[in-house]
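First the structure, in the form of structure tokens, and then the observations on it.
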Amino acid sequence: MRRGENHISIDVSEPSVARMYDYLLGGTDNYVSDREACAELLRIAPSTRELALINRAFLIRAVRYLAAECGIRQFIDHGSGLPTHPNVHQIAQGVDAAARVVYVDNDPIVLAHGRMMLEENLSTTSVIGADMRDTAAIFASDEVGRLIRSDEPVAALFVSVLHCIPDSSDPWKLIRDVAGRLPSGSYLVISQLASDDAKLRERVTDFMLGTTGGAWGRVRSFDEVDRFFGGLELEKAEKPVEVSQWYPDSDLYPRQATQEWIEYGGVARIP
């Protein structure tokens, strides 16, 4: 794959989490390896496709809520994945055309597609290649410096990505570190694959670790996900919830026929 004079080498024989998610959402930026991996995942957890659609609807509601009702005009989307309409900048800029968005991802296909998509929107939107765990590098980047104003509230998004981070990288510390860099009145949007079925957690985690060559974390319990929200003020819910229940704006959302695992999380304000 080429963009300008840069050559991006991609091994499409190995599944990618971003491309698997794209396939589950009905996208076309995926390969045989991704579709085969999704087929096996659907055998293990049949509700996975609906779960992905539910999570995307949650992202759309959360961004619209933050832009329209909370006045947030700048967003950092960690582990943004492949572009899927509507994207974060399209939602936010539908409320205010001056809203600014920085996407963060380290998948080369995500970066290539994101940069092509944003070529006509560079004054307010950017995509940077970085590991979402590298908070210092992200906040020190030229694009964050150009688009994100340190004296205004920010929404930091971690939507369906924290399960990609192993415990050894301490995702709870990641959330604390990001929250600590944002001004009071900023927000965190968090969802994570969760289940209280220990056998299911182990089976899916083992499958995803094997599928991604170890580039994954694990499915977590509800109590473990609750820890991400420590010290924060939850919005529109008294506690984290299955995300289709977070501030629903319609009954016409996908529903899981089974709930062996769910996307669990919410939106929280930094005091």
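Values as computed for the structure displayed
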{"read-out": "Candidates Ala155, Ala112, Ala140, filtered to the one that is out of contact with any helix residue (DSSP H, G or I) (no Cβ under 8 Å at 6 or more places or on another chain), among the small types (Gly, Ala, Ser) and modelled with pLDDT of 95 or more", "value": "Ala140"}
{"read-out": "When residues of segment 69-85 are limited to those that are closer than 16 Å to Asp131 by Cβ and part of a strand (DSSP E or B), the one farthest from the chain's Cα centre (by Cα)", "value": "Ile76"}
{"read-out": "Odd one out for Lys239, checked against (1) within 20 Å of the chain's Cα centre (by Cα); (2) loosely packed, with under 12 Cβ neighbours inside 10 Å; (3) on the phi < 0 side of the Ramachandran plot; (4) without any contact (Cβ under 8 Å) to a residue 12 or more places away in the chain", "value": "(4)"}
{"read-out": "Failed condition for Arg49, given (1) outside any loop (DSSP other than H, G, I, E, B); (2) closer than 20 Å to Leu193 by Cβ; (3) in contact with a strand residue (DSSP E or B) (Cβ under 9 Å, 6 or more places away or on another chain)", "value": "(3)"}
{"read-out": "Qualifying residue in segment 86-96 (condition: of a type in the set (Val, Ile, Thr) and either assigned to a loop (DSSP other than H, G, I, E, B) or free of Cβ contacts under 8 Å to residues at least 12 places away in the same chain (or both))", "value": "no"}
{"read-out": "Positions within segment 32-46 being crowded, with 17+ Cβ neighbours inside 10 Å and either part of a loop (DSSP other than H, G, I, E, B) or of a type in the set (Val, Ile, Thr) (or both), in sequence order", "value": "Ala45"}
{"read-out": "Odd one out for Pro153, checked against (1) closer than 30 Å to Glu40 by Cβ; (2) part of a loop (DSSP other than H, G, I, E, B)", "value": "(1)"}
{"read-out": "Of all residues in segment 188-234 being assigned to a helix (DSSP H, G or I) and aliphatic (A, V, I, L, M), the one that is nearest to the chain's Cα centre (by Cα)", "value": "Val225"}
{"read-out": "Ser169, sole failed condition from (1) out of contact with any strand residue (DSSP E or B) (no Cβ under 9 Å at 6 or more places or on another chain); (2) touching a residue at least 60 places away in the same chain (Cβ under 8 Å)", "value": "(2)"}
{"read-out": "Of the criteria (1) in contact with a Gly (Cβ under 8 Å, 6 or more places away or on another chain); (2) surrounded by fewer than 21 Cβ atoms within 10 Å (Cβ to Cβ); (3) under 22 Å from Gln259 (Cβ atoms), which one Ser221 fails", "value": "(1)"}
{"read-out": "Among (1) in a loop (DSSP other than H, G, I, E, B); (2) at pLDDT below 95 - the single one Tyr23 does not satisfy", "value": "(1)"}
{"read-out": "Condition met for Ala257 (farther than 17 Å from Leu59 by Cβ and either outside any loop (DSSP other than H, G, I, E, B) or not charged (D, E, K, R) (or both))", "value": "yes"}
{"read-out": "Residue list for segment 106-148, restricted to those being without any contact (Cβ under 8 Å) to a residue 12 or more places away in the chain and polar (S, T, N, Q)", "value": "Ser123"}
{"read-out": "Any hit, segment 89-105, residues being of a type in the set (A, V, I, L, M), touching a strand residue (DSSP E or B) at 6+ places or on another chain (Cβ under 8 Å), under 23 Å from Gln192 (Cα atoms) and surrounded by fewer than 23 Cβ atoms within 10 Å (Cβ to Cβ)", "value": "no"}
{"read-out": "Unmet requirement for Val161, which otherwise passes all of (1) within 24 Å of Ala137 (Cβ to Cβ); (2) surrounded by 23 or more Cβ atoms within 10 Å (Cβ to Cβ); (3) in contact with a Leu (Cβ under 9 Å, 6 or more places away or on another chain)", "value": "(3)"}
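The rows are residues; the columns are (1) part of a helix (DSSP H, G or I); (2) more than 24 Å from Gly180 (Cα to Cα).
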{"site": "His113", "(1), (2)": "yes, yes"}
{"site": "Leu122", "(1), (2)": "no, yes"}
{"site": "Ser126", "(1), (2)": "no, no"}
{"site": "Met132", "(1), (2)": "no, no"}
{"site": "Gly145", "(1), (2)": "yes, no"}
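The values are calculated or read from the model by the stated rules, or taken from the named source; none is laboratory data. Note that this is a predicted model, so its numbers are computed, not measured. As a convention, Cβ positions derive from the backbone with ideal geometry for all residues, glycine included, and neighbour counts pool all protein chains shown.
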